[in-house]
Amino acid sequence: MIGNDWDDLLKDEYQKEYFKDLESFVLTEYSKKTIYPKVNEVYNAFRYTPFKDIKVVIIGQDPYHGENQAEGLSFSVKKGVQKPPSLVNIFKELHDDLGYDIPQNGSLVNWTKQGVLLLNAVLTVEKDKAASHKGRGWEIFTDEVIKIINQKDTPVVFILWGSYARSKKELITNDKHFIIESAHPSPLSAYNGFFGSRPFSKANNFLISKGIKPINWEIKDDIIVNDQKQKLKKI
């Protein structure tokens, strides 16, 4: 289903009755309604970040439900799509924490390729209906994913923003790992402990202390100025 080491780790899960029921439900939903992300992007978090490469896990609740926002990664939106308020606040904190410029685009794919698993607890949602696929089985699946990561021999940073993500703390019992928790970056709660929490530098400091290459959290915009475009045309 995924195409890397996750398939072997999750093969037993794929055979369980709840997962078969979940798969049937999701496929029916896609056939009748507008569901996000696109069906071939549902498992993007796993495709972009193999188990063996995981350094950091950022847990979200469910995908963005606006048109063309979700790309199968928690908190991330596709390039060219307006950044949701929570992501705007994440970039503000990133700027305050590490000094990086705030990007125009909101795609966090670059993080995933460095070992950051952007995991939503629920992997699909109906258009314009937040939490519409809650309680259908995704949470059982992603809880199992967290348990599998918890067994990892190498240290992992778990970043838990908000009460929902923090409820997953009980699944993280391996003392090799490091948990960073704070309020959610939503405008409703960001000023209650998210701003000033410095999760990015804390994560990197932990990784460095364990001899692990830190994450380059900078998100760069793909901008080609006009004279560069003209040069490219001539080549």
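The values are calculated or read from the model by the stated rules, or taken from the named source; none is laboratory data. Model, not experiment: these values are computed from the prediction. As a convention, Cβ positions derive from the backbone with ideal geometry for all residues, glycine included, and neighbour counts pool all protein chains shown. The accessibility values were calculated without ligands, DNA or RNA, using every heavy atom of the protein model including side chains. Shrake-Rupley method; radii C 1.70, N 1.55, O 1.52, S 1.80 Å.
Before moving on, here are some points about what is shown:
- In terms of distances greater than 26 angstrom between alpha carbons, the cross-link table entries Lys32/Lys52; Lys32/Lys129; Lys176/Lys202; Lys52/Lys134; Lys16/Lys79 yield Lys32/Lys52; Lys52/Lys134; Lys16/Lys79.
- The stretch 112-206, relative contact order in percent, only Cα pairs under 8 angstrom and at least six apart counted: 20 percent
- FRET E, pair Ile102, Ile179, Förster distance 22 Å, beta-carbon r, rounded to 0.05: 0.25
- Proximal aspartates and glutamates relative to Lys33, as straight alpha-carbon distance under 19 Å, when same-chain residues fewer than 8 apart are discounted: Asp21, Glu23, Glu41, Asp62, Glu67, Glu71, Glu126, Asp128
- Mean-square fluctuations from a GNM of the chain, with a 10 angstrom spring cutoff on Cα atoms, peak among Tyr48, Tyr36, Tyr14 at Tyr14.
- Inter-part distance where the stretch 83-155 and the stretch 45-60 are each reduced to a Cα centre, Å: 10 Å
- Solvent-accessible area assigned to carbon and sulfur over the stretch 98-202 amounts to 47 percent, based on a 1.4 Å probe.
- Under the simplified labelling scheme, the Tyr191-Gln82 pair shows an inter-label distance of 2.2 nm, with each label point 7 Å from Cα along Cα→Cβ.
- Phi-derived couplings, Karplus 6.51 cos²θ - 1.76 cosθ + 1.60 at θ = phi - 60°, listed residue by residue for the stretch 58-63: 10, 9, x, 9, 8, x Hz, with x used for Gly and Pro.
- Choice from Lys134, Lys11, Lys220 with maximal GNM fluctuation in the chain (Cα, 10 Å cutoff): Lys11
- Residue-normalised accessible area of the stretch 133-177, expressed per residue, 1.4 Å probe, Å²: 46 Å²
- For the chain, a Gaussian network of Cα nodes joined below 10 Å ranks Asp21, Asp12, Asp53 by mean-square fluctuation, and the top entry is Asp12.
- Rounded if a/c under 1.5, otherwise prolate or oblate - the stretch 90-235, Cα gyration tensor axes: prolate
- Karplus (6.51, -1.76, 1.60) ³J(HN,Hα), θ = phi - 60°, over the stretch 160-174, in Hz, Gly and Pro reported as x: 10, 9, x, 4, 5, 4, 5, 5, 7, 4, 5, 7, 9, 10, 7
- Spacing of the two label points (7 Å from each Cα toward its C-beta) at Lys113 and His95, in nm: 2.5 nm
- Rounded FRET efficiency, nearest 0.05, which uses the C-beta distance separating Asp222 from Arg198 and R0 of 22 Å: 0.20
- The label-point distance for Lys32 and Lys16, in a model that sets each label 7 Å from Cα toward Cβ, rounds to 2.5 nm.
- Stretchable slack from Asp53 to Lys134, in nm (0.36 nm times residue separation minus alpha-carbon distance): 26.3 nm
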